[in-house]
Each structure stands twice: as C-alpha cells, then as structure tokens.
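Working notes, beginning with the structure itself.
The values are calculated or read from the model by the stated rules, or taken from the named source; none is laboratory data. Just so you know, these numbers come straight off a predicted model, no measurement behind them. Glycine also receives a Cβ, built like all others from the backbone with ideal geometry; neighbour counts cover every protein chain displayed.
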C-alpha cells in the first residue's frame, strides 16, 4: 500500500513538472506591452533585452546590469524586460517568446546578433537601440550592433543612450561605464 501511495505521488510530481516545463513563454508583444504599462505607472522607460541561452555575451550583459554597483541606477530609470529569441538547440526552442523574431524585425533589428536591446518610452515609442549609427542617422537605418558593450566606443555609445533616456547623473554613468568596460578586459 505504501508503495502505491509513493508511486502515485511520484507520478503526480512528474506530471506537474512536465506541465510546467511545457508552458509556452509569453508572446514577445505581450512582454513589451506589460513592460510599457509598468513603465508608464512608474514613470520610467523600458529596456527590452533580446537574448538566448547559448549567448555568452547575453549572460555578460545580464550580469553587468545586475552588478550591485549599478543595478540601482537601472532600477530607478528603466523597466527591464527580457525576451528569448534565436535558440539553436531544438530542445531549447520552447524557451523562445513567440513573435520575438518578428518584434526584432518590426524595430529594424533582425539579424543584428545578440544581445540586442531596445529602449522605449512610456508610450512605446522607440528611443534607441543597440545599433551604432553615424551621428544623425535614423533608427530605421542599419548600424553595427554593440550587443553587450565592452569596447571603449561601444560603452561610449551605450552611455550616450542612457544619458538620453534616463535621469542618471554623470557620476552614475561613469560607474556604468566602468562595469561594462570590465567585459572588454575579461575578453582580452
């Protein structure tokens, strides 16, 4: 009798774990809409991050944003939302947010590599993205994706984006630059 109860309990755990594992992620457009709604309520902008499980630079970007030295600056200025896209491994495809690739395409960031980030205002207007372009070029033109900024010019571009889309002080922006420049040092 105890064996039957044990096996029944184990079967229930297996079924529950399988059901949880098969849950479809939230569609990308809904992730963005929820972030915009929260940003509006909190009077912030949205930093939308596109990444994949296999992407080492995506993990570096995430770790840098969560670095205790600068995380409060981002928390005060942005609602950060994550979207999974471009999973290569068939077993990981289920992690992708439906419509993620289409959302990248909509905002002129398809085929730019990962991570890709977009900055939106509280009305879902695109303010900036991770593509460095010549000064004055429109967001609709193609640029070079900085991904996780690490090199000096990439970090300078990221800082200029933060300066335009946040209320970070010059001192805070300098601290952000220091954290992201560490990624270049680790690369060498």
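Pick from segment 144-179 the residues that are surrounded by fewer than 18 Cβ atoms within 10 Å (Cβ to Cβ) and touching a strand residue (DSSP E or B) at 6+ places or on another chain (Cβ under 8 Å): which of them is nearest to residue 39 (Cα to Cα)?
164
In this structure, does residue 144 turn out to be at pLDDT below 95, within 29 Å of residue 175 (Cα to Cα) and more than 14 Å from the chain's Cα centre (by Cα)?
Working: at pLDDT below 95: no; within 29 Å of residue 175 (Cα to Cα): yes; more than 14 Å from the chain's Cα centre (by Cα): yes.
Judged against the criteria, residue 144 is not a match.
Scan segment 76-95 for residues that are exposed (fewer than 13 other Cβ atoms within 10 Å of the Cβ) and under 17 Å from the mean Cα position of the chain (by Cα) and report the count.
Our first condition is that a residue be exposed (fewer than 13 other Cβ atoms within 10 Å of the Cβ); within segment 76-95, this holds for 88-91, 93.
Remaining after also requiring under 17 Å from the mean Cα position of the chain (by Cα): none.
So the answer is 0.
Any residue in segment 35-55 that is at positive phi sitting within a Cβ distance under 8 Å of a residue that is assigned to a loop (DSSP other than H, G, I, E, B) and surrounded by fewer than 20 Cβ atoms within 10 Å (Cβ to Cβ)? List the pairs, counting only those 6 or more apart or interchain.
Once the first residue is at positive phi and sits in segment 35-55, its partners that are assigned to a loop (DSSP other than H, G, I, E, B) and surrounded by fewer than 20 Cβ atoms within 10 Å (Cβ to Cβ) give 43/122.
Restricting to segment 22-34, count the residues that are exposed (fewer than 14 other Cβ atoms within 10 Å of the Cβ) and either in contact with a strand residue (DSSP E or B) (Cβ under 6 Å, 6 or more places away or on another chain) or free of Cβ contacts under 8 Å to residues at least 60 places away in the same chain (or both). Full working, then the answer.
Just the residues of segment 22-34 that are exposed (fewer than 14 other Cβ atoms within 10 Å of the Cβ), to begin with: 22-24, 30.
So of that shortlist, the ones also either in contact with a strand residue (DSSP E or B) (Cβ under 6 Å, 6 or more places away or on another chain) or free of Cβ contacts under 8 Å to residues at least 60 places away in the same chain (or both) come out as 23, 30.
The qualifying residues number 2.
Answer with yes or no whether residue 39 is modelled with pLDDT of 95 or more, out of contact with any helix residue (DSSP H, G or I) (no Cβ under 6 Å at 6 or more places or on another chain) and assigned to a helix (DSSP H, G or I). Break it down stepwise before answering.
Values: modelled with pLDDT of 95 or more: yes; out of contact with any helix residue (DSSP H, G or I) (no Cβ under 6 Å at 6 or more places or on another chain): yes; assigned to a helix (DSSP H, G or I): yes.
Answer is yes for this residue.
I need a count of the residues in segment 102-116 that are outside any helix (DSSP H, G or I), more than 10 Å from residue 131 (Cβ to Cβ) and touching a residue at least 60 places away in the same chain (Cβ under 8 Å).
2
Might you let me know whether segment 73-93 holds any residue that is in contact with a strand residue (DSSP E or B) (Cβ under 6 Å, 6 or more places away or on another chain), modelled with pLDDT of 95 or more, on the phi < 0 side of the Ramachandran plot and in a helix (DSSP H, G or I)?
Here is the first cut: in segment 73-93, the residues in contact with a strand residue (DSSP E or B) (Cβ under 6 Å, 6 or more places away or on another chain) are 78-83, 85.
Within this subset, residues satisfying the condition of being modelled with pLDDT of 95 or more are 78-83, 85.
Pick out the ones that are also on the phi < 0 side of the Ramachandran plot and you get 78-83, 85.
Add one more test, that the residue is in a helix (DSSP H, G or I), and what stays is none.
Checked segment 73-93: no residue is in contact with a strand residue (DSSP E or B) (Cβ under 6 Å, 6 or more places away or on another chain), modelled with pLDDT of 95 or more, on the phi < 0 side of the Ramachandran plot and in a helix (DSSP H, G or I).
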